[in-house]
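I have placed the structure first, in the form of structure tokens, so that the comments after it can refer back to it.
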Amino acid sequence: MSSPLAVLPTRFGTQNLSAGHTMEALRVGLTLVRHGETKYNKEGLLQGQAIDSCLSEAGLQQAEAAGRYLRDVSFSNVFTSDMLRARQTAEKIMQQNSSCLALQMVCDPLLKEKSFGTAEGGRVQDFKEMARAAGESLPGFTPPGGETQEQVKERVRLFLENMLQQMGAEHWPVSGHATASTAAEGSPAEGSPAEGSPAEGQADDGVRGMPVHALVVTHGAYMREAVRYFVEELHCSFPSSWDQSHMFSLSPNTGICRFTLRTAKEGSRSSRVTQED
């Protein structure tokens, strides 16, 4: 049985291990995509988990556009929320990508949207007013029966652990196992991209030539907590030109964000993972 993953911070592909440690590492790309628009999105209504709506006509067009944008990006695995709007988006992307033709889409309930409890089905504006009445700010406000930010981040952590265990088992080179370092040292200064970091704006930024790369289709509030988890819990850094408040804002429909990870085996059964970006 595999041991839990440990996640260690590095920045923009630069990892300096402490002296005396060797690592057999597998680089993994992770591209997160929010689902396309639904009727509820268009009408300003909260969906959460209780409302399993399909994509609107505009949402189908957005998903097709995302597929065209990513058509030449190579994926080795596809994961999606088990909710209809996410599955439809993943299917549209996969249909236009030759690397996905032989892949099986894995539907994972850990990727479901955040639960908004009693606010689901109501107006987003009413949800904001509920938060103000409670003296709390968004996105930290939790309505009755809803999930907290910490609960969503725990789902993110569990998904990441399960995903990397699966991808490691499928794609790890057959060779001996080295003991991994338990810390990353000497990373670049905070907010400073490492030399040679990829330029922004290309569909395959950061994953060009990377054979192990997962497409993950999920939801807006979930993606926001996933990004927060990578930055705040795993200490991912980002270029100084980026606005942190914008980075933690809600992604638009079919918005994309990407991370690269480095997972390393320790002995014959456990894994360590380091974050690159």
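The values are calculated or read from the model by the stated rules, or taken from the named source; none is laboratory data. Everything quoted here is computed from the prediction, not taken from an experiment. Every residue, glycine as well, gets a Cβ built from its backbone with ideal geometry; the counts of neighbours run over all protein chains shown. Please note that ligands, DNA and RNA were not included when accessible areas were found on the heavy atoms of the full protein model with its side chains. Shrake-Rupley method; radii C 1.70, N 1.55, O 1.52, S 1.80 Å.
Here are a few things to note about the model shown:
- A protection proxy built from the mean count of other Cβ atoms within 10 Å ranks the segments 93-102, 210-219, most packed first, as 210-219, 93-102.
- Accessible surface ranking that places the most exposed of 57, 225 first, with a 1.4 angstrom probe: 57, 225
- Accessible surface of segment 15-163 [probe 1.4 Å, protein heavy atoms]: carbon and sulfur percent: 49 percent
- Ordering of 136-148, 249-261 by packing [mean C-beta count within 10 Å, highest first]: 249-261, 136-148
- Taking only the C-alpha atoms of segment 202-254, Rg followed by Dmax gives 12.5, 32 Å.
- Most to least packed among 108-117, 124-133, 40-49 [average Cβ atoms within 10 Å]: 108-117, 40-49, 124-133
- Radius of gyration and maximum dimension Dmax of segment 63-149, Cα, Å: 17.4, 51
- Segment 79-112 and segment 38-57: distance between their alpha carbon centers, rounded to Å: 18 Å
- Using the Cβ-Cβ distance between residue 126 and residue 60 with R0 set to 30 Å, the FRET efficiency from 1/(1 + (r/R0)^6) comes to roughly 0.60.
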